[in-house]
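Visitor: Structure incoming, see below.
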Amino acid sequence: MEALNETTVKDYLAQRGLAERLGGGPEGWAAEPITDGNVNLLFRVKNPAAGRSLIVKQALGYAWRYPDFKMPTERLVVEHEVLRVAAEHAPEQVPEVYFFSPEDAVLVMEDLSRHREMRAALREGVRFPRAAEHMGRYMARTLFYTSDLYLPSGEKKERAARLVNPVLRKVQEDLVFSQPFVRHPNNRYSQPLEPLVREIYADDALRAEVLELKERYMTQAQALIHNDLHTGSILANEEETKVVDPEFAFFGPMGHDLGTYLGNLALAYAAYEAHAPNEEEKRAFRDWLLASLTETWRVFEREFLAAWERDAQQAEWASDRYREHYLKRLLKDAAGFGAVEMFRRLIGMAHVSDFWSIEDEAGRAAAESLGLDIARAWIASWRAVERPEDLAALVRAGRVLL
């Protein structure tokens, strides 16, 4: 199927029997492309007269922003399955799906225009009072209920075999765990960071920790993870928080989702070095970010343990001490994976608007150097972390190095 555009997407919806969702017909609809993402085509189709709208997502055989990156359209099958599972266990935290065609690689779902992309809002110092509660609950439920703690062994293995997602996993293995730590043509960074980047390339102790995490990413199949759970994949307002874009999902280490999200809160903290309107607001917003970081973990821990107590296969997992060790291990893994996420966003290929929206190169590099200092502290300490407050303390102790 050819790539949709503002005209053909309306015809497609009418042909697939979705006119009832919008009311009227294509002649009364308006379609606009959404260009925030890197990988898929996205359209918002509206019926202004009826006040209705929906989102159409199409997977192409490549990443639209990076056409040389060939990607299978089957990734939308994975996304649809993850949204289905999440709707079963955390329905408040995902958009409603209206239609899916694996043959056309098209997904039609609820329009979340009443929400903001969390990443963009955090740049402006916007606080989301329920995000920690919602994200902690989303991760606890989606991870627990797709793990061996809950699923029968055979069903878990069948699901993991069906959702291998090898191409997108390889993309992450390269862009997240390999390329940012060696000189590679895909890497980009602000020129003033060059001395710091050279130090990272030469730091074999750091690389050894990253490779430990890479091995866990490649070999651990704990649960069905989102695998790209950053603040750009979250849409939120004061009352709701929705997770989107799970096309990179597979059965992997739980700590990866946890760490990616917490690491992006740390990135928002670092970037606010340049975005804050004044010192008072900088302190206040950073305090909120760190409180959100620790509260997210506390909610996750509480919800995960409640699910374990209520729904685990108790005969197989009946040990209070093991349960305690399990949660501590997840927090340590989150610290390690969070560090790697920060590195790749600062000196790898896939940068984020937290920093590239800062026009002044010196100011941008200063904020990025703070992010790198935090990332180095997390990667050096991930095995020793005992409480989420330990992570918050490492963020607060970070220094601007330029």
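The values are calculated or read from the model by the stated rules, or taken from the named source; none is laboratory data. Fair warning: this is a prediction, and the values are worked out from it, not measured in the lab. Cβ sites come from the backbone with ideal geometry, for glycine too, and all protein chains shown count toward neighbours. Accessible surface is based on the protein model in full, side chains and every heavy atom, while ligands, DNA and RNA are left aside. Shrake-Rupley method; radii C 1.70, N 1.55, O 1.52, S 1.80 Å.
Visitor: If you keep only loop residues by DSSP, which trypsin sites (Lys or Arg not before Pro) in segment 1-96 have at most 13 other Cβ atoms within 10 Å of their Cβ?
Guide: Values: sites: Lys10, Arg16, Arg21, Arg44, Lys46, Arg52, Lys57, Arg65, Lys70, Arg75, Arg84; in loops: Arg16, Arg65.
Loop-located and lightly packed - Arg65.
Visitor: Send over the Kirkwood Rh of segment 286-402, from the inverse of the averaged 1/r over different Cα pairs, rounded to one decimal Å.
Guide: With all distinct Cα pairs of segment 286-402 included, I get 16.0 Å.
Visitor: Tell me which residues come under 5 Å, amide H to amide H, from Arg116 once H is placed; ignore anything under 5 positions away on its chain.
Guide: Ala236, Asn237
Visitor: Quick one: how many lysine pairs in the chain have C-alpha atoms under 16 angstrom apart, if they're 8 or more apart or on different chains?
Guide: Step by step, the pairs that qualify in the chain add up to 6.
Visitor: If you build a Gaussian network model of the chain, linking Cα atoms that sit under 10 Å apart, which residue out of Met135, Met349, Met118 swings the most?
Guide: So, out of Met135, Met349, Met118, the one fluctuating most is Met349.
Visitor: Among Ile347, His325, Ser147, whose Cα lies farthest out toward the positive end of the dipole of the chain, if unit charges sit on the beta carbon of Lys, Arg (+1) and Asp, Glu (-1)?
Guide: Sorting the options by dipole projection puts first His325.
Visitor: Now, a different point. Where Lys and Arg each count +1 and Asp and Glu each count -1, what net charge lies around Pro129 among other residues with Cβ under 9 Å from its Cβ?
Guide: -1
Visitor: Continuing with the same structure: Return the Rg/Rh ratio of the chain with Cα-based radii and a Kirkwood Rh.
Guide: 0.96
Visitor: Of the candidates Gly259, Gly136, Gly17, which one comes out as most mobile in a Gaussian network treatment of the chain with C-alpha springs shorter than 10 Å?
Guide: Looking only at Gly259, Gly136, Gly17, the biggest GNM fluctuation is shown by Gly17.
Visitor: Rounded to a whole number, what % of the accessible area of the chain do carbon and sulfur atoms account for, probe 1.4 Å?
Guide: Ligands and nucleic acids excluded, carbon and sulfur give 49 percent.
Visitor: Using only protein heavy atoms and a 1.4 Å probe, report how much of Arg399 is accessible, in Å² to the nearest 10.
Guide: Only protein atoms counted, so the area is about 140 Å².
Visitor: Looking only at Ala306, Ala223, Ala377, which one moves most when the chain is put into a Gaussian network model with springs between Cα atoms under 10 Å?
Guide: Result for the chain, Cα springs under 10 Å: Ala306 fluctuates most.
Visitor: Could you report the chain's accessible area per residue, 1.4 Å probe, as an integer in Å²?
Guide: 41 Å²
Visitor: Viscosity 0.890 mPa s, temperature 25 °C: give me the Stokes-Einstein translational D for segment 147-238 in µm²/s, with Rh taken as the Kirkwood radius over C-alpha pairs.
Guide: Numbers: Rh = 16.0 Å.
Estimated diffusion coefficient is 153 µm²/s.
Visitor: Right, here's the next one. Sort segment 70-148 into rounded, prolate or oblate with this rule: let a ≥ b ≥ c be the square roots of the eigenvalues of the Cα gyration tensor; rounded if a/c is under 1.5, and if a/c is not under 1.5, prolate when a/b is larger than b/c, oblate otherwise.
Guide: oblate
Visitor: Run the dipole for the chain about the Cα centre, Lys and Arg Cβ at +1, Asp and Glu Cβ at -1, nothing else charged, and hand back the magnitude in debye, nearest 20.
Guide: Values: 51 positive and 64 negative charges, 93 e Å.
Its charge dipole is roughly 440 debye.
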